[in-house]
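Peer 1: Take this structure first; my questions come after.
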Amino acid sequence: MAITEAHAGRRYSLGDPYHVSAAKIAEFATALGDDNPRYRGESPVAPPTFAAVISAQAWNQMFADPELELSLERIVHGDQRFTFFRPLRAGDALIATATIDRVRIRAGSELISATVEIAGRDAEPICTAQATFYHAREAAA
Amino acid sequence: MKATVVDGLEIGTNLPPLTVRFTRERLARYAGASTDFNPIHYSEYFATQAGLPGVIAHGMLTMGAALRVVTNWVGDPGRVTSYSARFTRPVVVPDDAVGIEVEFSGSVFAIEGSLVTVSIEAISQGQKVLGAARAEVDLGVRVPHRDHEV
């Protein structure tokens, strides 16, 4: 069966934390073409949208859930909201948990709204990332 | 905090704009850095199968590059407290040496205490590619501005 409205509430989480490194932060900043010195050196902060990289750990689990029958190449990001309680930093060990908030079925596509909670050690809340994805049900003719 | 950030800040104050060139090389780099390997961002075949006009930039690349308008201005990216945007139009990136330019600009949308909300525009080929893009920064000091003066 494919994704339905009834999949709202389903959760995805990786068992192992994501360890943020200074090298990965610098690589990500370079990909954005951003030379801000706060992203380099010994103890950098991450670009705020690095939260999407952590979120993707949970999103990818959702996209790969066989019960939802989603195809990555037919998924387009519709919107994104981040709320930051503090910046992500090198040395953080982060757990991302995604929850499907809502599924809307449209002619030929599904809209999937999901919230990722990014937490640090002792469940410290660090960032909330809310997204909507469009999934085209069939490949275009 | 740069003193120049707070001085004379009003609703409507424009931030320094920024133009970023998106090429296939940048998409490859972003795919690796972000671990977003959706093939619509590197394969013409999968992009057109998905009904897109061609290979498109990652929405998060556009959103991430757009935020540079705010973080360049404020200096410390750790001051960003929220950021949201809609991906209204795909940025199609040609397979050539030129790529495509995206122009980013920002202006102060709201001021409340130490919190400043910036509205960001992202334009490519005359079209808006982000909708309702807003970033909130906490400047750490109350921002004096005309709306609060008697």
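Peer 1: Among the residues of region A:5-26, is there at least one that is at the interface with another protein chain (Cβ under 8 Å from one of its Cβ atoms) and not in a strand (DSSP E or B)? Reasoning before the result, please.
Peer 2: Keep residues of region A:5-26 that are at the interface with another protein chain (Cβ under 8 Å from one of its Cβ atoms), which gives A:24.
Applying the additional criterion that residues be not in a strand (DSSP E or B) yields A:24.
Checked region A:5-26: at least one residue is at the interface with another protein chain (Cβ under 8 Å from one of its Cβ atoms) and not in a strand (DSSP E or B).
The rows are residues; the columns are (1) touching a strand residue (DSSP E or B) at 6+ places or on another chain (Cβ under 8 Å); (2) among the small types (Gly, Ala, Ser); (3) modelled with pLDDT of 95 or more.
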{"residue": "A:Ser21", "(1), (2), (3)": "no, yes, yes"}
{"residue": "A:Gly41", "(1), (2), (3)": "no, yes, no"}
{"residue": "A:Pro47", "(1), (2), (3)": "no, no, yes"}
{"residue": "A:Ala51", "(1), (2), (3)": "yes, yes, yes"}
{"residue": "A:Glu73", "(1), (2), (3)": "no, no, no"}
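Peer 1: Can you tell me which residue among B:Ala110, B:Ala132, B:Ala97 is more than 14 Å from the chain's Cα centre (by Cα) and within 30 Å of B:Ala47 (Cβ to Cβ)? It would help to see each step written out before you state the result.
Peer 2: On the way: B:Ala110 fails: within 30 Å of B:Ala47 (Cβ to Cβ); B:Ala132 fails: more than 14 Å from the chain's Cα centre (by Cα).
Sole residue among the options that is more than 14 Å from the chain's Cα centre (by Cα) and within 30 Å of B:Ala47 (Cβ to Cβ): B:Ala97.
Peer 1: Looking at A:Val76, is it assigned to a helix (DSSP H, G or I), under 28 Å from B:Tyr45 (Cβ atoms) and β-branched (Val, Ile, Thr)?
Peer 2: Working: assigned to a helix (DSSP H, G or I): no; under 28 Å from B:Tyr45 (Cβ atoms): yes; β-branched (Val, Ile, Thr): yes.
No.
Peer 1: Pick out, from region B:1-63, the helices (runs of 4 or more DSSP H) lying fully within it that include 3 or more residues that are buried (at least 17 other Cβ atoms within 10 Å of the Cβ).
Peer 2: Qualifying helices (runs of 4 or more DSSP H): B:24-34, B:44-49.
Peer 1: Let me ask you something else. Going by what's in this entry, would B:Ala85 be described as among the small types (Gly, Ala, Ser) and at the interface with chain A (Cβ under 9 Å from one of its Cβ atoms)? Break it down into steps so the answer makes sense when it comes.
Peer 2: Numbers: among the small types (Gly, Ala, Ser): yes; at the interface with chain A (Cβ under 9 Å from one of its Cβ atoms): yes.
In short, yes.
Peer 1: Given the conditions (1) in contact with a strand residue (DSSP E or B) (Cβ under 6 Å, 6 or more places away or on another chain); (2) surrounded by fewer than 17 Cβ atoms within 10 Å (Cβ to Cβ), report the number of the one that A:Ile105 does not fulfil.
Peer 2: (1)
Peer 1: Here's something else I'd like to know. Using beta carbons and a limit of 6 Å, which pairs, at least six apart or on different chains, have the first residue in region A:59-79 and more than 8 Å from chain B (Cβ to nearest Cβ) and the second one assigned to a loop (DSSP other than H, G, I, E, B) and of a type in the set (D, E, K, R)?
Peer 2: Sorted first by the residue in region A:59-79, then by its partner, the list stays empty.
Peer 1: Could you please find all residues in region B:25-58 being within 8 Å of another protein chain (Cβ to nearest Cβ) and in contact (Cβ under 8 Å) with a residue 60 or more places away in the chain?
Peer 2: Hit for region B:25-58 is B:Arg26, nothing else.
Peer 1: So how many residues does region A:78-107 have that are under 14 Å from A:Thr49 (Cα atoms) and not polar (S, T, N, Q)? Reasoning before the result, please.
Peer 2: Taking region A:78-107 first, the residues under 14 Å from A:Thr49 (Cα atoms) are A:79-89.
Right, trim to not polar (S, T, N, Q) and you get A:79, A:81-82, A:84-89.
Final tally of qualifying residues: 9.
Peer 1: Do we have any residue at all in region A:28-50 that's basic (Lys, Arg), facing chain B (nearest Cβ under 9 Å) and either farther than 16 Å from B:Ala33 by Cβ or touching a Leu at 6+ places or on another chain (Cβ under 9 Å) (or both)?
Peer 2: At the first step, the residues of region A:28-50 found to be basic (Lys, Arg) are A:38, A:40.
Okay, now just the ones that are also facing chain B (nearest Cβ under 9 Å), so A:38.
Adding the requirement that they be either farther than 16 Å from B:Ala33 by Cβ or touching a Leu at 6+ places or on another chain (Cβ under 9 Å) (or both) leaves A:38.
Yes, there is a match, as at least one residue in region A:28-50 is basic (Lys, Arg), facing chain B (nearest Cβ under 9 Å) and either farther than 16 Å from B:Ala33 by Cβ or touching a Leu at 6+ places or on another chain (Cβ under 9 Å) (or both).
Peer 1: Return the residues of region B:8-24 that are closer than 30 Å to B:Val143 by Cβ and within 11 Å of chain A (Cβ to nearest Cβ); say none if nothing qualifies. Working first, answer last.
Peer 2: Here is the first cut: in region B:8-24, the residues closer than 30 Å to B:Val143 by Cβ are B:8-20.
Residues satisfying the conditions are B:Leu18, B:Thr19, B:Val20.
The values are calculated or read from the model by the stated rules, or taken from the named source; none is laboratory data. Keep in mind that this is a model prediction, so the values were computed, not measured. Methodologically, a virtual Cβ is constructed for each residue, glycine included, from the backbone with ideal geometry; neighbour enumeration extends over all protein chains shown.
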